[in-house]
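The values are calculated or read from the model by the stated rules, or taken from the named source; none is laboratory data. Just so it is clear, the model here is predicted, and its values are computed rather than measured. In this analysis, Cβ positions are derived from the backbone assuming ideal geometry, glycine residues included, and neighbour counts consider all displayed protein chains. All accessible areas refer to the heavy atoms of the entire protein, side chains included, with ligands and DNA or RNA removed. Shrake-Rupley method; radii C 1.70, N 1.55, O 1.52, S 1.80 Å.
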Amino acid sequence: MDIQVPLTKGLLADKYSKYAAKNDMLDGKPIVSFPIQISNVPKGAQSLALTLLDWDAVPVSGFPWIHWIAANIAPDVTEIPENNSQQLRVPMIQGRNSTAGGLIGNTNQTTAWHYNGPNPPDKVHNYHLSVFALDTQLPLKDGFWLNELQDAMRGHILETAEFIVPSKP
């Protein structure tokens with residue numbers, strides 16, 4: 001399986017990060033998700049799931065920052081379009097990002113249960129986009145946590161694709 005995200009000069013376009021226009025932000029958070037191209041999904045896949053994690057956040061926050069998690073995407077999807085997190089054209093269920101945790105305490109589902117764009121405070125961060133081809137639909141509902149996604153996927157992952165999405169500070 002292969003995944004691709006369009007980059008501008010090797011970096012995520014500003015419109016998907018902390019440099020987004022004001023109308024592409026909510027409560028100071030970038031909310032327009034970037035498009036994702038998907039190809040060569042393995043036969044037998046019944047659904048796809050994705051995670052967007054910032055491992056470069058560990059020295060800053062003490063843990064990898066969760067920017068977006070989603071599941072139960074149809075396996076024949078070849079593109080998740082721009083802003084799909086807020087305007088579902090490709091159906092998916094979405095989980096909570098790190099702003100929903102106790103550290104930040106964000107209770108606004110529009111920003112806490114959807115894409116939360118990169119906002120690196122100190123240097124270029126490499127965001128790890130992973131797409132998982134699964135042999136089943138997952139028994140999750142909107143607002144699930146990353147650990148619940150990982151538990152539900154265990155034993156069902158046919159293949160994983162990763163794309164590094166660098167974003168400027």
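Within the option set Pro118, Pro81, being touching a Lys or Arg at 6+ places or on another chain (Cβ under 8 Å) and open to solvent by less than 10 Å² (accessible area, probe 1.4 Å) holds for one residue only, Pro118.
Within the range 134-160, residues that are touching a residue at least 60 places away in the same chain (Cβ under 8 Å) and over 27 Å from Thr107 (Cα atoms) have Cβ atoms under 9 Å from residues that are β-branched (Val, Ile, Thr) and in a loop (DSSP other than H, G, I, E, B) in these pairs: Leu158/Val41; Glu159/Val41, counting only partners at least 6 apart in sequence or on another chain.
Please go through the range 26-56 and pick out each residue that is surrounded by 18 or more Cβ atoms within 10 Å (Cβ to Cβ) and free of Cβ contacts under 8 Å to residues at least 24 places away in the same chain.
Across the range 26-56, there are no qualifying residues.
Scanning the range 16-71 for residues that are among the polar types (S, T, N, Q) and at pLDDT below 95 turns up just one, Ser61. Out of the residues in the range 121-132 that are in contact with a Leu (Cβ under 9 Å, 6 or more places away or on another chain) and surrounded by 15 or more Cβ atoms within 10 Å (Cβ to Cβ), which is farthest from Met25 (Cα to Cα)? Looking at the filtered set, the residue picked out is Phe132.
Where residues in the range 84-104 are open to solvent by less than 40 Å² (accessible area, probe 1.4 Å) and either without any contact (Cβ under 8 Å) to a residue 12 or more places away in the chain or not aliphatic (A, V, I, L, M) (or both), which of them is farthest from Pro35 (Cα to Cα)?
Gly101
Does Trp68 count as open to solvent by 20 Å² or more (accessible area, probe 1.4 Å) and aromatic (Phe, Trp, Tyr)?
no
Evaluate the range 76-93: report whether one residue or more is touching a helix residue (DSSP H, G or I) at 6+ places or on another chain (Cβ under 9 Å) and modelled with pLDDT under 95. No; the residues of the range 76-93 include none that is touching a helix residue (DSSP H, G or I) at 6+ places or on another chain (Cβ under 9 Å) and modelled with pLDDT under 95. For the range 133-155, the set of residues classified as open to solvent by 60 Å² or more (accessible area, probe 1.4 Å), part of a loop (DSSP other than H, G, I, E, B) and not aromatic (Phe, Trp, Tyr) consists of Asp135, Gln137, Pro139, Lys141, Asp142, Arg154, Gly155, listed by residue number.
Listed by first and then second residue, the pairs linking a residue in the range 59-72 that is under 10 Å from Tyr127 (Cβ atoms) and among the polar types (S, T, N, Q) to a residue that is part of a strand (DSSP E or B) and open to solvent by 30 Å² or more (accessible area, probe 1.4 Å), with Cβ atoms under 6 Å apart and 6 or more places separating them unless they lie on different chains, form an empty list.
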